[in-house]
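Notes follow the structure.
Taken together, the values in this text are just the output of simple stated rules run on the coordinates, not laboratory data. What you are looking at is a predicted structure, and each value in this text was computed from that prediction instead of being measured. Cβ: placed from backbone, ideal geometry, glycine included. Neighbour counts: every protein chain shown.
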Amino acid sequence: MSETSRQTSTQTGIDPRGPQFAAALTVVVLVLALLLPQPWALVVTAIQTVLFAIGAGLGVQRTPHAWLFKKLVRPRLGAPSELEDPAPPRFAQGVGLAFLVVALVAHLLDATLVAQIALGLALVAAVLNAVFRFCLGCEIYLLIRRLGPTPSA
Amino acid sequence: MIRAGFRFNRYMSTGAWIAVVAIVAALAFGLFRLFTDGRFRGTKELPVSGEPAETSAASAWGAVADALGDQVLGERATLVQFSSAFCAPCRATRRILGEVAELVPGVVHLEVDAEHHLDLVRRLDILRTPTTLVIDAAGNEVARASGAPRKEQVLSVIPAVGLES
């Protein structure tokens, strides 16, 4: 098996502005989770946890964000200059989910500061994605793989 | 000092501070990345012995050839791109490097799946995808860039070998 050069020409790409729009909404939700008092902080954290779970579980094309993007945003934009593979943003949703699960559990245990730090880290990633289309979770991926065991070549 | 802290906290909750710090940190990091992505840097000193690089495992090409088996080294330059599955800019990088390889005679584009060649990734100290190595005709790494480079950036770093384009 030569996995050397991946000529994966994923013809069925997604509009890269979709995940970017979703990230912008995520920024708003995370900021709300950080600003609102309890019990609203917990409620908003739970909502974002579910949203990330949908994105990671079903894929970024099947989130409420994607639906909004298709209905409201995409019709107002021109055609995208390039399509994007949906796998990276989906993976990033999974990374976001991990942080939000920590935040949710911490909120439930009344460890507010821990919850807020976890939300803050997720917010960094969401801002990078929304403003720069930069996928922090994806970058961490190779670093994690590097640390892991090597499948003997 | 404690008093000042209290005053601060009356205007802004801890959550608000964390939000502000997170946003500022993200913007700073993003701007830094915007500035450095795709820039080719000369490569650190390599432990090159006098022997032809193609057979020396110390050279970048030696390491690549060890890991991938028979590959064709470009007469002028080889652009080795490290990619992974979860990498949005890898796609654009693939297109750009492919275009350069078509445009400039003697330049070869080789894409390596980083996940399947972690030994090579460690050996060449690849931290992110995409990372592009520029390898000269002798098999030595002359430059590398992480992040998607622009076409001009790639063209400007290809070693001149007689033919000028």
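Listed values, structure above:
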{"read-out": "Estimated inter-spin distance, residue B:102 and residue A:76, nm [label 7 Å along Cα→Cβ]", "value": "3.6 nm"}
{"read-out": "Residue A:108/residue B:127 FRET efficiency (R0 22 Å; Cβ-Cβ; nearest 0.05)", "value": "0.05"}
{"read-out": "Net charge of Cβ neighbours under 9 Å - reference residue B:137; Lys, Arg +1; Asp, Glu -1", "value": "-1"}
{"read-out": "Difference of contour (0.36 nm per residue) and Cα-Cα distance, residue B:32 to residue B:17", "value": "3.2 nm"}
{"read-out": "Sites residue A:12 and residue B:41 - FRET efficiency at Förster radius 41 Å, r taken between beta-carbons, to 0.05", "value": "0.70"}
{"read-out": "Inter-chain Cβ neighbour average for residues A:135-147, partner chain, 10 Å", "value": "5"}
{"read-out": "Calculated on alpha-carbon atoms, Rg and Dmax of the range B:41-157 in Å", "value": "13.1, 40"}
{"read-out": "For the range A:16-60 versus the range B:101-165, the gap between their alpha-carbon centres in whole angstrom", "value": "38 Å"}
{"read-out": "Sum of side-chain charges, residue A:80 neighbourhood, beta-carbon under 15 Å (Lys, Arg +1; Asp, Glu -1)", "value": "+3"}
{"read-out": "Rounded to 5, percent antiparallel among DSSP beta bridges of the range B:41-157", "value": "65 percent"}
